[in-house]
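Asks: First the structure, then my questions, so here it is.
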Amino acid sequence: MPPKPSKIRPMRRPIINRETSEFEPCWEILKSALTDIHNKDSSGLSFENLYRASYKIVLKKKGQLLYERVKAFEEEWFRDHVLPVIAELVSNNLVSVSLMQMPGSSPHERRETGERFLRGIRSTWEDHNTSMNMVADILMYLERAYVANSRQPSIFATTIGLFRDHILRNNLGGGGADQLQQPFVVFDIVNAVVLDLINMERDGDIIDRNLLRMITSMLEALYETDDEFENAKLYLTVFEPRFLSASQVFYRNECEKLLREGNASAWLRHTQRRLREERDRCETSLSILTTDKIARVVEQELIVAKLNEFLAMEGSGMKSMIDNDRYEDLSILYQLVSRVDKSKNALKVILQSRVMELGLEIEQALKNTDFSVPAAGIEVEDAAEGGDKSKPQPLSAAAQQTAAAIKWVDDVLQLKDKFDRLSTSCFDNDLALQSAVTKSFSEFINMFNRSSEFVSLFIDDSLKRGVRGKSDEEVEIVMQKAIVLLRYLSDRDMFERYYQKHLARRLLHNKSEMHIEKELVRRMRSEMGNHFTAKFEGMFKDMELSKDLSDNYRHHVRNLGDVDTKNIDLSIHVLTTNNWPPEVMGRGAVQEDGGRADCIFPPAIKRLQESFTKFYLKDRSGRVLTWVASAGSADVKCVFPKIAGKESGPLSKERRYELNVSTYGMIVLELFNDLGDGESLSFEEIQAKTNIPTQDLIRTLGSLSIPPKSRVLAKEPLTKNVKPTDRFAFNAQFVSKTIKIKAPVISSTSKVEDAEERKETERKNDQTRAHVVDAAIVRIMKQRKELSHAQLTTEVIGQLAGRFRPEISMIKKRIEDLLVREYLERVEGDAAAYRYLA
């Protein structure tokens, strides 16, 4: 079989060579375009041709090679064309000042050198950024068809990141490097220059803010890696930590300087300005990402670090701000402290301390004030009505104490107003600070053992003398102040006792307006509860019923044929014993043997009493009326005869006056109607005929024989004090410029108690408290059946906190008493527990 003829096939061209031959022309086209782009000569480039070239390369599966060639081209471009320019900008002076922080150059020179360097960096970055955007456009198909599928960083991220790796992180040598004995990184110089410019601006120099903004924008656009994680921006990872650290050092030194200057007001304004400057700097020069962080640095270094030292500065600290009403400083202080401490503890401590100090100063000032002469505008209680009040009258010891009480309360209210204004104007009505101030007010007020009495006296004085003639707004202010003071008192039962006494005197002697009294008690009820005002409201009810009763009795008298009864106009107050204080009701007046002292009334008054008693009991069987002479007053018409031998002047004719005196005074004056000319009565004789208690009689005779304006009785000897050995006679030579004369009504004057009276009041109050504690214990045990001693004590204190603060010893004593009286028993096996016995 003949051999087959062999075929000679043509040699195939290697696939690799064919693909390479196609890649290189396309790459040359792209490379030339990249060069033109960097040389800013891209106007003649055809986007279609360049897109087709990259398309062909990717289509031939050479996307990775193109990706690497572009990257290599950009690296070579940086090395040959960009780095030399950057190296020329880095001078020996720039390195020594920025990195080594060597002195010797002026701020102006540093600013010029640094800004020239940053402009070079900015220009290089802007060129590269513009170029890489154009490169990303012409390699769009590479990005879409290859890079996205290969999960590599985008061509733009890779090329833009080359600026980070080959410029910012490049180690340059040179003169500066020789001085450092090691290469330096461009990024370090950039950071150092930017921080130096910021410090210059902080010191008052003017810098190119727009240039700084361009540099920080560049750092925000660059990332640690080409993956471009959001939290890996160079601004956040490199620049910001250095900026915050440098700022911390700057402000720490600045705080020390401010502390040495010793002016808290300057510190406040400086800190406020620095916070505002840093916020503006972040908005205009750096990045809003840093706003909160740099604010915390300033707060920590300028506020927190030395806050207590600034607040305690002598002459300019918070104490001085409060004392001198420096509202603006305190407002800034509150704003600054609120930024770093939501609880404002530093402000609380100083506010509470200052309130206590000023409160104690008020108490101390009372001891150093002379109250012997009344202040301007203060009337003397015992001055005769219609007399000359223009001349200051010396005050009695009791009146001086009352004046001191009113001054103490006035000063406390002024202090309260002061801190209220601070709260409104400076502290934004901060509830935490208000609570702290309120607590301190309550503490120092209750440290003063006469606060309850003084507050009641202040209200008494305001309602008795100060309300008449005032507008509704002014009356409202008085009532608001009264309630504010009442809120501070812890021993409210003591206040209730004093207020009951003072209210009784105002009501019985018509020294205030009823509608205002009722409104104030209504507010007390809203604040303290019904139990607190029950007796006050009972007193109002008695007064209203008594008014109707008096009108009905007058009508009854007019229908009688008794001439004697018609000549006397009687206004009756029928008072319920439990509602009125014993001092006012005369229950405090007892004889030496302990029995009650019954006053001897004149016959005409006795007939009147019998007439009224018969009228009253006609429809009210079973009731008992007790006449209280110590609580009333009387208007007595007096006739003073012509004095023999007097031909001119007031004594030459008969004189008629209407004298307002206490009921005791009326009884005493009635005795002198039966005396002949020149006759007199001794103190003992007057007391025997009237049975008026000694102290009350001394005060009554004193009011009728000592004050010149009401001296209707002549006392022998004529001294300023009444003694049991004195004698009294009708003063026929009495002359007054006014027809109506007011003798001092001793029982109507509210005054500060002396030591003995105070001791007696506290004793009576303790007795009342014992009953209140007993009731609370029984009430609690009846409900709980069985409790430990500690639990029972806690609940008793909690229940009574609105009235007073019971002492632990008192509670223990009352528990022991209830055990003896078999209201409670001890639990077997547990001596510290109690069981209620029904």
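The values are calculated or read from the model by the stated rules, or taken from the named source; none is laboratory data. Computed from a predicted structure; not experimentally measured. Counting neighbours? That spans all protein chains shown, and the Cβs are built from the backbone with ideal geometry, glycine included.
Asks: How about segment 9-42: which of its residues are at pLDDT below 85 and either among the hydroxyl-bearing types (Ser, Thr, Tyr) or at positive phi (or both)?
Replies: First, pick out the residues of segment 9-42 that are at pLDDT below 85: 9-22, 42.
Result: Thr20, Ser21, Ser42.
Asks: Mind listing whichever residues of segment 595-647 are outside any loop (DSSP other than H, G, I, E, B) and among the aromatic types (Phe, Trp, Tyr)?
Replies: So in segment 595-647, the residues outside any loop (DSSP other than H, G, I, E, B) come out as 596, 603-617, 629-631, 633-640.
Correct list: Phe612, Phe615, Tyr616, Phe640.
Asks: Among helices (runs of 4 or more DSSP H) lying entirely in segment 471-584, which contain 2 or more residues that are closer than 30 Å to Glu610 by Cβ?
Replies: Where helices (runs of 4 or more DSSP H) fall fully within segment 471-584 and carry at least 2 residues being closer than 30 Å to Glu610 by Cβ, they are 492-508, 530-558, 563-566.
Asks: Please verify whether segment 668-677 includes one or more residues that are crowded, with 19+ Cβ neighbours inside 10 Å and over 16 Å from Ser736 (Cβ atoms). So that I can check it myself, show each step before the final result.
Replies: Pass one, segment 668-677, residues crowded, with 19+ Cβ neighbours inside 10 Å: 668-669, 672.
Those still in the list that are over 16 Å from Ser736 (Cβ atoms) too: 668, 672.
Yes, because at least one residue in segment 668-677 is crowded, with 19+ Cβ neighbours inside 10 Å and over 16 Å from Ser736 (Cβ atoms).
Residue-wise test of (1) touching an Asp or Glu at 6+ places or on another chain (Cβ under 8 Å); (2) modelled with pLDDT of 80 or more; (3) not acidic (Asp, Glu).
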position	(1), (2), (3)
Glu385	no, no, no
Pro394	no, no, yes
Gln400	no, no, yes
Asp411	no, yes, no
Asp417	no, yes, no
Ala436	no, yes, yes
Asn446	yes, yes, yes
Arg450	no, yes, yes
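Asks: Another question, then. Is at least one residue of segment 226-241 modelled with pLDDT under 95, in the same structural domain as Ile160 (by TED's automatic domain parsing), among the β-branched types (Val, Ile, Thr) and farther than 28 Å from Lys306 by Cβ?
Replies: No, because not a single residue in segment 226-241 is modelled with pLDDT under 95, in the same structural domain as Ile160 (by TED's automatic domain parsing), among the β-branched types (Val, Ile, Thr) and farther than 28 Å from Lys306 by Cβ.
Asks: If we keep just the residues of segment 503-527 that are touching a Leu at 6+ places or on another chain (Cβ under 7 Å) and of a type outside the set (Gly, Ala, Ser), which is farthest from Asp542 (Cα to Cα)?
Replies: Initially, segment 503-527 is screened for residues touching a Leu at 6+ places or on another chain (Cβ under 7 Å), giving 506, 512, 516-517, 524, 527.
Among the residues that remain, those that are also of a type outside the set (Gly, Ala, Ser) are: 506, 516-517, 524, 527.
Details: Arg506: 14, Ile516: 17, Glu517: 14, Met524: 19, Glu527: 24 Å.
Out of the qualifying residues, it is Glu527.
Asks: Surrounded by 11 or more Cβ atoms within 10 Å (Cβ to Cβ), out of contact with any helix residue (DSSP H, G or I) (no Cβ under 9 Å at 6 or more places or on another chain) and charged (D, E, K, R): does that describe Glu685? Lay out the reasoning, then the answer.
Replies: On the way: surrounded by 11 or more Cβ atoms within 10 Å (Cβ to Cβ): yes; out of contact with any helix residue (DSSP H, G or I) (no Cβ under 9 Å at 6 or more places or on another chain): no; charged (D, E, K, R): yes.
Spelling it out, it is not the case that Glu685 is surrounded by 11 or more Cβ atoms within 10 Å (Cβ to Cβ), out of contact with any helix residue (DSSP H, G or I) (no Cβ under 9 Å at 6 or more places or on another chain) and charged (D, E, K, R).
Asks: If you check Ser652 against the conditions, is it touching a strand residue (DSSP E or B) at 6+ places or on another chain (Cβ under 7 Å) and either charged (D, E, K, R) or more than 30 Å from Gln609 (Cα to Cα) (or both)?
Replies: no
Asks: Right, here's the next one. Just name the residue that is nearest to the chain's Cα centre (by Cα) out of those in segment 331-357 that are among the aliphatic types (A, V, I, L, M) and farther than 28 Å from Gln248 by Cβ.
Replies: Going residue by residue through segment 331-357, those that are among the aliphatic types (A, V, I, L, M) are 332-333, 336-337, 340, 346-347, 349-351, 355-356.
After this cut, where a residue has to be farther than 28 Å from Gln248 by Cβ as well, the list is 351, 355-356.
Working: Leu351: 8, Val355: 11, Met356: 14 Å.
The selected residue is Leu351.
Asks: If I ask for residues that are in a helix (DSSP H, G or I), in contact with a helix residue (DSSP H, G or I) (Cβ under 6 Å, 6 or more places away or on another chain) and either buried (at least 18 other Cβ atoms within 10 Å of the Cβ) or touching a residue at least 40 places away in the same chain (Cβ under 8 Å) (or both), which ones from segment 434-450 would you list? Spell out how you get there, then give the answer.
Replies: In the first step, residues of segment 434-450 are kept if they are in a helix (DSSP H, G or I); the result is 434-447.
From the residues that got through so far, the ones that are in contact with a helix residue (DSSP H, G or I) (Cβ under 6 Å, 6 or more places away or on another chain) too are 434, 436-437, 440-442, 444-445.
Those that are in a helix (DSSP H, G or I), in contact with a helix residue (DSSP H, G or I) (Cβ under 6 Å, 6 or more places away or on another chain) and either buried (at least 18 other Cβ atoms within 10 Å of the Cβ) or touching a residue at least 40 places away in the same chain (Cβ under 8 Å) (or both): Ala436, Val437, Ser440, Phe441, Ser442, Phe444, Ile445.
Asks: Quick one: which residue in Lys61, Lys71 is surrounded by 15 or more Cβ atoms within 10 Å (Cβ to Cβ) and among the basic types (Lys, Arg)?
Replies: Working: Lys61 fails: surrounded by 15 or more Cβ atoms within 10 Å (Cβ to Cβ).
Going through Lys61, Lys71 in turn, just one is surrounded by 15 or more Cβ atoms within 10 Å (Cβ to Cβ) and among the basic types (Lys, Arg): Lys71.
Asks: Right, something else. Looking at segment 415-433, which of its residues are closer than 16 Å to Asn345 by Cα and in a helix (DSSP H, G or I)?
Replies: The answer is Ser423, Leu431, Ala432, Leu433.
Asks: Only one of Val297, Val304 is within 20 Å of Arg276 (Cβ to Cβ) and free of Cβ contacts under 8 Å to residues at least 40 places away in the same chain. Can you tell me which?
Replies: Numbers: Val297 fails: free of Cβ contacts under 8 Å to residues at least 40 places away in the same chain.
So the residue among Val297, Val304 that is within 20 Å of Arg276 (Cβ to Cβ) and free of Cβ contacts under 8 Å to residues at least 40 places away in the same chain is Val304.
Asks: Which of the following residues is touching a Lys or Arg at 6+ places or on another chain (Cβ under 9 Å) and at pLDDT 85 or above: Ser703, Ser736?
Replies: Working: Ser703 fails: touching a Lys or Arg at 6+ places or on another chain (Cβ under 9 Å).
None of the others qualify; the one that does is Ser736.
Asks: Assuming Ser245 fulfils every condition listed in (1) surrounded by fewer than 21 Cβ atoms within 10 Å (Cβ to Cβ); (2) among the hydroxyl-bearing types (Ser, Thr, Tyr); (3) under 23 Å from Pro153 (Cα atoms); (4) free of Cβ contacts under 8 Å to residues at least 60 places away in the same chain apart from one, which condition is it?
Replies: So Ser245 meets the others, but not (3).
Asks: I've got another one for you. Any chance you could count how many residues in segment 36-87 are among the polar types (S, T, N, Q) and either within 60 Å of the chain's Cα centre (by Cα) or part of a helix (DSSP H, G or I) (or both)? Don't jump to the end; show me each part of the working.
Replies: Initially, segment 36-87 is screened for residues among the polar types (S, T, N, Q), giving 39, 42-43, 46, 49, 54, 64.
Add one more test, that the residue is either within 60 Å of the chain's Cα centre (by Cα) or part of a helix (DSSP H, G or I) (or both), and what stays is 49, 54, 64.
Number of matching residues: 3.
Asks: Identify the residue in segment 276-294 that is touching a residue at least 40 places away in the same chain (Cβ under 8 Å) and not charged (D, E, K, R) and, among all such residues, is surrounded by the fewest Cβ atoms within 10 Å (Cβ to Cβ). I'd like the intermediate steps shown before the answer.
Replies: Step one: filter segment 276-294 for residues touching a residue at least 40 places away in the same chain (Cβ under 8 Å), giving 277, 281, 284-287, 289-290, 293-294.
From the residues that got through so far, the ones that are not charged (D, E, K, R) too are 284-287, 289-290, 294.
On the way: Thr284: 11, Ser285: 21, Leu286: 26, Ser287: 19, Leu289: 14, Thr290: 21, Ile294: 23.
Among them, the one singled out is Thr284.
Asks: Filter segment 505-536 down to residues that are surrounded by fewer than 16 Cβ atoms within 10 Å (Cβ to Cβ) and among the hydrophobic types (A, V, I, L, M, F, W, C) and give me whichever is modelled with the highest pLDDT.
Replies: Looking at the filtered set, the residue picked out is Ala534.
Asks: To continue, here is another question. Does Ala790 count as touching a helix residue (DSSP H, G or I) at 6+ places or on another chain (Cβ under 7 Å) and assigned to a helix (DSSP H, G or I)?
Replies: Working: touching a helix residue (DSSP H, G or I) at 6+ places or on another chain (Cβ under 7 Å): no; assigned to a helix (DSSP H, G or I): yes.
No, not satisfied.
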